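The values are calculated or read from the model by the stated rules, or taken from the named source; none is laboratory data. None of these values were measured; they are calculated from a predicted model. Positions of Cβ are generated from backbone atoms using ideal geometry, with glycine treated the same way; all protein chains shown enter the neighbour counts. Calculation scope for accessible area: heavy atoms of the full protein, side chains included, ligands and nucleic acids excluded. Shrake-Rupley method; radii C 1.70, N 1.55, O 1.52, S 1.80 Å.
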Amino acid sequence: MFKIGEFSKLANVSIRALRHYDKIGLLIPEQINEATNYRNYSAQQLQTINKIQKLKEIGLSLTVIKEILASNAEAATIQSHLAIRELELQEELQKIKQQSQFLENSRLFLKEDSKKLNYHVIQKEIPKRVVASIRDGIPNYSDEGILWEKLYQTLMMNNIAFAKEPYNLAIFHDDSYQESNVDVEVQVAVQTSHPNTGITFKEAPAVQVASVVITGSYEQMTAVTETVAMWLENHHYQLNGPMFNIYHVSIATEPNPQNWVTEACFPIKEQTNEI
């Protein structure tokens with residue numbers, strides 16, 4: 001038998017942890033002196049504590065470890081818990097990859113911000129035009145390509161001619177920011193309408209907008225909206241409909257995000273005293 005301090009050294013586990021394991025019934029000392037309350041552990045229990053530490057290293061909780069030990073190491077029970085933990089690790093890895101990408105994007109954004117980029121806001125009119133359009137709910141904003149692929153496939157299959165200025169644009173119709181199931185419309189200007197193709201043809205009215213043209217990735221959109229918001233207040237305008245992006249150069253023709261050219265458009269009207 002080994003005193004708790006001796007067992008602690010042999011197992012490379014703190015006395016505090018051993019007492020906690022005793023308290024929750026995970027590893028109960030082989031003997032407890034009722035008079036002194038001294039705890040004694042057996043050499044056989046070193047195997048148990050080593051197994052506990054190994055299972056902890058792969059991220060299993062003490063509750064799960066206790067269940068595994070109580071099952072007398074049945075292979076099916078262990079395999080089940082290991083499979084669950086593997087799925088959890090895959091999900092954690094995916095989150096880490098996403099966070100790493102967000103970190104890199106933030107680094108690039110701060111680098112650009114340090115250059116004190118000044119976005120130029122202009123007031124202009126997007127002219128009236130005939131458009132082919134698809135509007136639908138998509139899982140999130142990054143899934144916009146689903147609608148573009150469907151729209152362009154239909155246009156190509158039906159040999160529909162684009163207008164001289166195609167105005168490839170996406171309109172974001174939701175009244176507020178949505179984390180999922182976002183209401184997006186994509187449209188392109190065409191020469192004439194073609195019914196019975198499964199997509200909508202309509203006349204898009206002329207609209208006055210505050211416009212900002214950006215070159216590079218869409219990470220700049222946060223800074224653009226800040227700039228436009230300040231411009232609206234300073235020039236006494238207010239928003240007058242959903243904002244939209246015109247894609248002059250996009251991933252459809254240019255794989256390098258640094259070469260993308262996007263025009264962010266915010267429909268506007270003169271400010272009123274309405275609340």
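How far, in degrees from 0 to 90, does helix 44-57 lean away from the longest principal axis of the Cα atoms of the chain, to the nearest 10? Compared with the principal axis, the helix lies near 10 degrees. Against the compact-protein benchmark of 2.2 N^0.38 Å, the Cα-based radius of gyration of segment 161-266 scales to 1.17. Per residue, the convex hull around the alpha carbon atoms of the chain comes to 252 Å³. Per-atom-type breakdown for segment 1-69 gives carbon and sulfur 50% of the accessible area (1.4 Å probe, protein chains only).
Run lengths n ≥ 4 of DSSP H only: what is the helix-derived mean residue ellipticity at 222 nm for the chain, with -39500 (n - 2.57) per run over all residues, to the nearest 500? Calculated from helices alone, the mean residue ellipticity at 222 nm is -13000 deg cm²/dmol. For segment 13-107, the alpha-carbon coordinates run over 64, 34, 19 Å along the three principal axes, in decreasing order. In plain terms, the chain is cut at each of the GluC sites (Glu not before Pro) found in a DSSP loop with at most 13 other Cβ atoms within 10 Å, and the longest leftover piece is 75-178. Taking amide H atoms as placed 1.01 Å from N in the peptide plane, the amide H of TYR237 lies under 5 Å from those of GLN271, each 5 or more residues away in sequence or on another chain. When only Cα pairs below 8 angstrom with a gap of at least 6 residues are kept, the chain shows a relative contact order of 15 percent.
What's the longest uninterrupted piece of the chain once you rule out the trypsin sites (Lys or Arg not before Pro) that are loop residues per DSSP with at most 13 other Cβ within 10 Å? The segment 1-114 is the longest one with no such site.
Only Lys, Arg, Asp and Glu carry charge here, each on its Cβ (+1 for the first two, -1 for the last two); on that basis the chain has a dipole of about 1020 debye about its Cα centre.
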